[in-house]
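Trainee: Could you have a look at this structure, given as structure tokens, before my questions?
The values are calculated or read from the model by the stated rules, or taken from the named source; none is laboratory data. Predicted model, so just to flag it, every value in this text is computed and none were measured. Cβ coordinates were reconstructed from backbone atoms using ideal geometry, including for glycine residues, and neighbour counts include every protein chain displayed.
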């Protein structure tokens with residue numbers, strides 16, 4: 001199509017692309033702007049599109065659309081010129097003449113000719129060869145394909161280069177004799193002020209020309225007398241001129257209207273009010289404070305074919321396409337009276353109509369303002385409820401309907417600065433007048449210490465996470481917590497009595513394994529809030545529940561260090577990718593850890609609680625818990641949040657000094673996580689920033705290995721332990737090779753005896769062959785497990801048995817391979833190789849003797 005268009009351009013014809021199989025321009029109403037673009041830009045990247053020729057002054061042609069019963073007699077009326085064969089008739093081209101009126105006009109108007117013919121000039125187009133049309137846009141129905149082609153007669157093809165383009169025949173011009181004679185008048189900007197080189201303007205067009213020229217002169221001239229003189233001179237070009245007794249009152253009325261609506265000559269017209277505001281000008285009714293458009297609608301930018309805004313009526317980011325921007329869809333941003341005030345619709349005399357808006361003018365202005373702002377990414381710029389860090393003004397607390405920055409409470413539009421956009425969101429509590437005291441902060445640590453922890457400093461770490469989690473939007477790294485404890489320890493009671501009471505509306509709490517990643521993400525929207533997931537348990541029977549939990553874990557993984565540049569992209573049904581980010585700090589409470597991947601465990605601090613077995617001690621622990629929980633009163637969480645917000649600089653200083661204290665003691669990511677939560681603990685329990693000595697004391701006695709990896713079984717560890725605890729039969733033979741007796745032992749015991757050369761309980765020797773007959777082998781420092789092992793798989797739960805080989809391959813350093821379980825006559829079969837050195841890191845519990853043997 002590009003080559004056909006280039007050929008037509010040689011003859012001065014302006015072309016542009018149409019949609020495939022259609023007559024509709026590929027860019028809708030913008031086709032008139034497209035014809036002014038360079039030829040290559042119009043067709044860049046387009047393949048298989050149809051082609052159109054713009055008629056009128058742009059291409060220097062007008063065309064007759066002759067169809068619906070056209071006969072040879074009708075064609076004989078026209079001279080030989082370019083002609084295209086259409087589905088129902090012909091397109092006949094002639095040289096452009098300004099005598100033809102703009103738009104579409106009937107050619108045989110007032111006659112009974114069976115054929116219908118219309119002349120198309122400025123602002124219209126015709127489908128050009130070799131386009132193929134098989135779709136009707138009006139009826140939304142498919143048509144038989146029709147290829148447009150150049151017509152021919154006895155003299156040859158009627159196309160550019162083969163025949164001459166004819167002038168408009170005189171009889172065609174006479175067809176418009178029932179109309180007023182028309183001469184095209186140049187635009188005001190094409191004719192200098194005071195110029196007498198005007199074309200004739202006839203009766204019926206004089207008043208409109210007088211008004212339009214008067215409005216144009218009002219901007220250029222320095223006085224009303226100069227405008228009056230110019231309009232009097234303009235009247236002399238009219239055919240016939242307006243009588244003086246009518247002309248002077250009309251000019252005086254026009255000047256009075258301009259002085260009332262605009263002001264002194266030389267100032268901008270009312271259309272420029274959105275750009276240059278008047279201090280005395282009040283906004284529309286109900287929005288009197290809006291002196292400019294930006295006071296009501298704030299353009300944010302554009303992205304692709306969408307333009308983004310935030311308005312005073314709803315304070316939500318709204319994306320509108322170009323078509324919606326040029327229509328009454330702008331009422332989604334502000335009411336119609338707002339647009340009618342700033343962009344009034346006018347009659348032919350230029351008088352503003354009451355409560356009527358010029359939607360095209362308003363939309364064009366908004367699109368231009370968005371282009372000035374540049375590309376806008378909603379996912380990276382939008383800010384919902386929560387605490388955020390601004391580039392220039394420190395910490396900002398978005399309460400949902402107002403934003404607190406440097407102690408000043410601002411409206412959402414007033415706070416929209418530095419490239420950040422604050423949208424209306426869930427309303428959070430206000431900052432209290434009194435902050436939490438250091439003594440009350442220590443009471444929170446005591447409440448966290450009511451659980452019986454396996455590792456010291458777990459209570460301080462948990463209290464620090466509770467203090468810092470609501471600040472997650474302002475943190476570079478957002479540590480997550482998993483609280484792992486057997487049933488009956490009281491973790492759910494702790495979450496309800498302490499965590500939920502402190503967080504209140506500043507967190508999202510979910511319970512049970514039915515929670516989905518999409519539900520959390522949609523409820524979170526653009527906010528920065530902690531997420532608490534209680535009873536998030538993996539199931540050995542429900543694979544769908546496990547899949548849901550895995551997606552929640554992946555969401556937490558992305559939330560750990562989500563930044564404006566670190567966005568998640570998902571496909572949508574409309575073909576445009578949807579970007580989002582989750583800014584949160586997660587807390588998982590479960591009996592068994594839901595974390596299976598090493599990258600997830602590195603982002604979580606694992607806190608392990610144990611059950612107190614002594615009934616008396618259980619009762620005492622319960623009494624201590626009730627006493628500690630009673631200190632967490634209703635306003636405790638608000639005072640705690642206020643302390644963290646007001647002492648943000650102290651908190652940052654504590655992070656730096658705790659990182660120094662942890663340097664070289666634990667892995668880098670664990671050090672970052674502990675630095676944040678322990679700095680939070682220090683901020684709520686100390687009134688001054690920590691010294692290095694205090695930080696070293698705070699980090700002493702921490703069991704780093706337990707914190708960075710929960711000592712609980714994952715599915716692969718459960719599967720391995722099932723293999724090791726499986727009992728196999730050992731056959732013993734006498735000196736003649738006959739079966740003497742059989743004994744049983746676990747795979748774990750058999751491996752230890754094979755490696756150590758030990759005897760079983762009956763004094764028999766266990767050999768490799770005993771393991772190989774059961775689909776197991778120990779050689780070259782590794783345990784080989786046959787994948788097709790029905791004896792072992794039979795005792796596994798359904799979800800483990802179905803993924804037996806894949807689960808074992810998840811053990812550290814394990815791999816899937818092929819192995820020969822027997823002598824050289826046996827073939828190699830699928831197996832999993834598990835290095836014996838990996839057993840110590842697998843999370844399984846072994847008898848001391850076996851571990852030593854391995």
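Trainee: Identify, from the list 518, 545, 528, the residue that is at pLDDT 90 or above and either out of contact with any helix residue (DSSP H, G or I) (no Cβ under 7 Å at 6 or more places or on another chain) or under 28 Å from residue 638 (Cα atoms) (or both).
Mentor: 528
Trainee: Same structure again: If you take the residues in segment 796-824 that are farther than 17 Å from residue 776 by Cα and in a loop (DSSP other than H, G, I, E, B), which one is modelled with the highest pLDDT?
Mentor: 813
Trainee: Further, regarding this structure: Name every residue in segment 441-459 that is more than 9 Å from residue 628 (Cα to Cα) and part of a helix (DSSP H, G or I), in order of residue number.
Mentor: Within segment 441-459, 441, 442, 445, 458, 459 qualify.
Trainee: In segment 530-549, which residue that is assigned to a helix (DSSP H, G or I) and either within 27 Å of residue 474 (Cβ to Cβ) or free of Cβ contacts under 8 Å to residues at least 12 places away in the same chain (or both) is nearest to the chain's Cα centre (by Cα)?
Mentor: Once the filter is applied, the top-ranked residue is 547.
Trainee: Residue 562 is checked against (1) crowded, with 17+ Cβ neighbours inside 10 Å; (2) touching a helix residue (DSSP H, G or I) at 6+ places or on another chain (Cβ under 8 Å); (3) at pLDDT below 85 and fails just one. What number does that condition carry?
Mentor: With (1) crowded, with 17+ Cβ neighbours inside 10 Å; (2) touching a helix residue (DSSP H, G or I) at 6+ places or on another chain (Cβ under 8 Å); (3) at pLDDT below 85 applied to residue 562, the lone miss is (2).
Trainee: Oh, and also: Look at segment 123-153 and say how many of its residues are at pLDDT below 85 and not in a strand (DSSP E or B).
Mentor: 5
Trainee: Out of 756, 763, report the one residue that is at pLDDT below 75, out of contact with any strand residue (DSSP E or B) (no Cβ under 8 Å at 6 or more places or on another chain) and surrounded by 12 or more Cβ atoms within 10 Å (Cβ to Cβ).
Mentor: None of the others qualify; the one that does is 756.
Trainee: Taking the conditions exactly as written (touching a helix residue (DSSP H, G or I) at 6+ places or on another chain (Cβ under 8 Å), under 21 Å from residue 8 (Cα atoms) and assigned to a strand (DSSP E or B)), does residue 53 satisfy them or not?
Mentor: yes
Trainee: So, in segment 486-529, exactly how many residues are within 20 Å of residue 474 (Cα to Cα), in contact with a strand residue (DSSP E or B) (Cβ under 7 Å, 6 or more places away or on another chain) and part of a loop (DSSP other than H, G, I, E, B)?
Mentor: 4
Trainee: If you go through segment 403-421 one residue at a time, how many are under 23 Å from residue 294 (Cβ atoms) and crowded, with 18+ Cβ neighbours inside 10 Å?
Mentor: Qualifying residue count for the region: 8.
Trainee: Can you tell me which residue among 223, 216 is within 30 Å of residue 297 (Cα to Cα) and at pLDDT 75 or above?
Mentor: The conditions single out 216.
Trainee: If we scan segment 679-687, do we find a residue that is farther than 30 Å from residue 803 by Cβ, surrounded by fewer than 20 Cβ atoms within 10 Å (Cβ to Cβ) and either in the same structural domain as residue 592 (by TED's automatic domain parsing) or touching a helix residue (DSSP H, G or I) at 6+ places or on another chain (Cβ under 8 Å) (or both)?
Mentor: Yes: one or more hits.
Table: residues versus (1) without any contact (Cβ under 8 Å) to a residue 12 or more places away in the chain; (2) surrounded by fewer than 20 Cβ atoms within 10 Å (Cβ to Cβ); (3) out of contact with any helix residue (DSSP H, G or I) (no Cβ under 8 Å at 6 or more places or on another chain); (4) in the same structural domain as residue 688 (by TED's automatic domain parsing).
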| position | (1), (2), (3), (4) |
| --- | --- |
| 428 | no, no, no, no |
| 446 | no, yes, no, yes |
| 456 | no, yes, yes, yes |
| 479 | no, no, no, yes |
| 488 | no, yes, yes, yes |
| 491 | no, no, yes, yes |
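Trainee: Just checking, does segment 514-525 include any residue being more than 20 Å from residue 549 (Cβ to Cβ) and surrounded by fewer than 16 Cβ atoms within 10 Å (Cβ to Cβ)?
Mentor: Within segment 514-525, one or more residues are more than 20 Å from residue 549 (Cβ to Cβ) and surrounded by fewer than 16 Cβ atoms within 10 Å (Cβ to Cβ).
Trainee: Please go through (1) in contact with a strand residue (DSSP E or B) (Cβ under 7 Å, 6 or more places away or on another chain); (2) without any contact (Cβ under 8 Å) to a residue 60 or more places away in the chain for residue 416 and return the number of the only condition it doesn't satisfy.
Mentor: So the condition that residue 416 fails would be (2).
Trainee: Right, something else. Under 24 Å from residue 258 (Cα atoms) and within 26 Å of the chain's Cα centre (by Cα) - does that describe any residue in segment 327-339?
Mentor: no
Trainee: In this structure, is residue 597 without any contact (Cβ under 8 Å) to a residue 60 or more places away in the chain, assigned by TED's automatic domain parsing to the domain that holds residue 467 and closer than 30 Å to residue 561 by Cα?
Mentor: It is true that residue 597 is without any contact (Cβ under 8 Å) to a residue 60 or more places away in the chain, assigned by TED's automatic domain parsing to the domain that holds residue 467 and closer than 30 Å to residue 561 by Cα.
Trainee: Please give the helices (runs of 4 or more DSSP H) falling wholly within segment 585-689 in which 3 or more residues are at pLDDT 90 or above and under 30 Å from residue 408 (Cβ atoms).
Mentor: In segment 585-689, the matching helices (runs of 4 or more DSSP H) lie at 636-646, 648-662, 668-685.
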